[in-house]
1. Per residue of region 82-96, in order, report the coupling 6.51 cos²θ - 1.76 cosθ + 1.60 (Karplus, θ = phi - 60°) as ³J(HN,Hα) in whole Hz, putting x for Gly and Pro.
2. Report, by chain and number, residues whose modeled amide H sits under 5 Å from the one on Cys33, excluding near sequence neighbours (fewer than 5 apart, same chain).
3. For region 27-96, what is the number of Lys pairs with C-alpha distance below 21 angstrom, counting only pairs 8 or more positions apart or on separate chains?
Amino acid sequence: MKKSGIPLLLSIIFLTLLGGQGTLIMRNRRCFCINTSQGTIHLKSLKDLKQFAPSPSCEKTEIIVTMKNGDQTCLNPDSADVKELIKEWEKQVSQKKKQKKGKKTQKSRKIFKVKKSQHPHQKKTT
């Protein structure tokens, strides 16, 4: 690559990074989000939702969602739509936990029944 192509390439990369909405930055001792996305996020397209409370390293609340396609986006924590999305997400997560808990108890009951049938009662002889 020619020497004149390197600054051009760096300029393109820089402008691309500036242009992203809801851009996520991974830095130590700073906020993760530069800005927040204004688009609508559907609950069905979410893989994960994380909330970060204000801390000494970042004075604002940050909400970062990971989409099923792997994209990460920062959301505005003050938005009514985002607040509703968080409620629905928490509801969905708690339902999944209850379902997992129910499956574990069913498995343990099945195992107990199997163990019981493997060891038949012996008749006492006197």
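1. Karplus-based 3J(HN,Hα) across region 82-96 equals 5, 4, 5, 4, 5, 4, 5, 4, 5, 5, 5, 5, 5, 5, 5 Hz.
2. Long-range HN contacts for Cys33: Ile25.
3. 25
Laboratory data are not the source of any read-out in this text; all were calculated from the coordinates shown. Worth saying up front: this structure is predicted, and the values here are computed from it rather than measured.
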